1. Select from the stretch 50-68 the residues that are in a loop (DSSP other than H, G, I, E, B) and among the hydroxyl-bearing types (Ser, Thr, Tyr) and write down the one among them that is surrounded by the fewest Cβ atoms within 10 Å (Cβ to Cβ).
2. Evaluate the stretch 5-13: report whether one residue or more is in a helix (DSSP H, G or I), open to solvent by less than 100 Å² (accessible area, probe 1.4 Å) and in contact with a Phe, Trp or Tyr (Cβ under 6 Å, 6 or more places away or on another chain).
3. Return yes or no: is Phe77 open to solvent by less than 60 Å² (accessible area, probe 1.4 Å), out of contact with any Cys (no Cβ under 9 Å at 6 or more places or on another chain) and aromatic (Phe, Trp, Tyr)?
4. Scan (1) more than 24 Å from Lys87 (Cβ to Cβ); (2) assigned to a helix (DSSP H, G or I) for the single condition Lys36 breaks and write down its number.
Amino acid sequence: MEVIKFVLMIIGMFVVTFIPRIIPLLLLGNKELPEKVVLWLSFIPAAVLSALLAPSILLRNGSVYFSLANTSLVAFFPTLLVAYKTKNIFYTVSGGLLFYLLISLLF
């Protein structure tokens, strides 16, 4: 019985992730989107990434933690500079990891 529940759960996860991906493709696949819509959609990855990272950078124990002891916050600023200068996700992530490591070792 547990195997059936497991298989049904996998099928359910497939359906709920597949439907939101296929419906826009079916509805908009053959259409040209307006330039403003394409521009608006281009900001979604950065907004989602910011929403995922901001709590881990800014919060500690449920409250805002602005301090030089906050290694994540200190490493964020040079990482932001790398992102601005290079506009390359590989350099940004690599630089962020390197900055975090260096700051962790130094302080």
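1. Of everything passing the filter in the stretch 50-68, Ser67 is surrounded by the fewest Cβ atoms within 10 Å (Cβ to Cβ).
2. The answer is no, given that none of the residues of the stretch 5-13 is in a helix (DSSP H, G or I), open to solvent by less than 100 Å² (accessible area, probe 1.4 Å) and in contact with a Phe, Trp or Tyr (Cβ under 6 Å, 6 or more places away or on another chain).
3. Here the answer is no, as Phe77 does not meet what is asked.
4. Checking Lys36 against (1) more than 24 Å from Lys87 (Cβ to Cβ); (2) assigned to a helix (DSSP H, G or I), the one that fails is (1).
The values are calculated or read from the model by the stated rules, or taken from the named source; none is laboratory data. None of the values given here were measured: they were computed from a predicted structure. Neighbour counts are summed over all protein chains in view; Cβ atoms, including those assigned to glycine, are modelled from backbone coordinates with ideal geometry. What goes into the accessible areas is simple: the full protein's heavy atoms, side chains included, and nothing from ligands, DNA or RNA. Shrake-Rupley method; radii C 1.70, N 1.55, O 1.52, S 1.80 Å.
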